[in-house]
1. Compute, for region 44-148, the length of the dipole vector about the Cα centre, with Cβ point charges of +1 (Lys, Arg) and -1 (Asp, Glu) only. Units Debye, rounded to 20.
2. On average over all directions, what projected area in square nanometres does the chain have, based on the convex hull of its Cα atoms?
3. Taking the chain as a Gaussian network, where each spring joins two C-alpha atoms under 10 Å apart, which residue of Gly95, Gly86, Gly58 fluctuates the most?
4. Find the Cα radius of gyration of region 1-68, compare it with 2.2 N^0.38 Å by division, and give the number to two decimals.
5. Taking a ≥ b ≥ c as the square roots of the eigenvalues of the Cα gyration tensor of region 58-143, is the shape rounded (a/c under 1.5), prolate (a/b larger than b/c) or oblate?
Amino acid sequence: MTGPVVLLFAAFGVGVLMAVYLPVQAQLGRAIGSPLAANIPFFVVGLVASIVLAAAAGRLGALSRLRDAPPWALAAGIGAAAMIIGSTALIPRIGAQQYFVLLVAGQLLTGALIAHYGAFGSARLPVTPANLAGIALVVAGAWLATRR
């Protein structure tokens with residue numbers, strides 16, 4: 001069983017990875033002259049990597065249960081495409097610092113709402129006054145970090 005501390009460090013590591021791969025993706029978009037077209041090799045490489053990892057873990061058979069998933073869950077791919085296209089287009093224009101500060105602020109606000117209502121299968125964690133204060137501090141920090 002994986003302990004909660006390991007999971008927290010894993011989440012932090014994913015954040016570090018995002019902070020690297022999104023600017024790299026923006027560089028690809030700049031190099032080929034199209035954030036939209038740069039999305040295609042991103043997802044092709046991601047698809048191949050996902051197939052290899054799932055096969056190595058012996059989990060490709062799980063795809064046979066795809067029909068059991070709610071149809072709206074497949075829309076996550078649209079969100080992923082929008083995030084990649086958005087980062088590819090925005091990072092060169094507003095910079096990585098502003099992009100990531102605003103990305104995190106948006107994720108915190110949205111994540112708090114999702115958790116509060118238990119939406120999309122999330123654990124239900126009602127928002128408390130302390131949570132609201134923390135989110136307000138992050139939003140204030142986002143404002144300070146992106147001021148010019």
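1. 100 debye
2. Details: hull surface 44.7 nm².
Over all viewing directions, the chain projects a mean Cα-hull area of 11.2 nm².
3. So, out of Gly95, Gly86, Gly58, the one fluctuating most is Gly58.
4. Values: Rg = 16.0 Å, N = 68, 2.2 N^0.38 = 10.9 Å.
It is 1.46.
5. It is oblate, given that a/c is not under 1.5 and a/b is not larger than b/c.
Quick note: the coordinates plus some simple rules give every number you see, no bench work behind them. Only a predicted model underlies this, so the values are computations on that prediction, with no experimental measurement involved. Glycine gets a Cβ as well: all are built from the backbone with ideal geometry, and neighbour counts include every protein chain shown.
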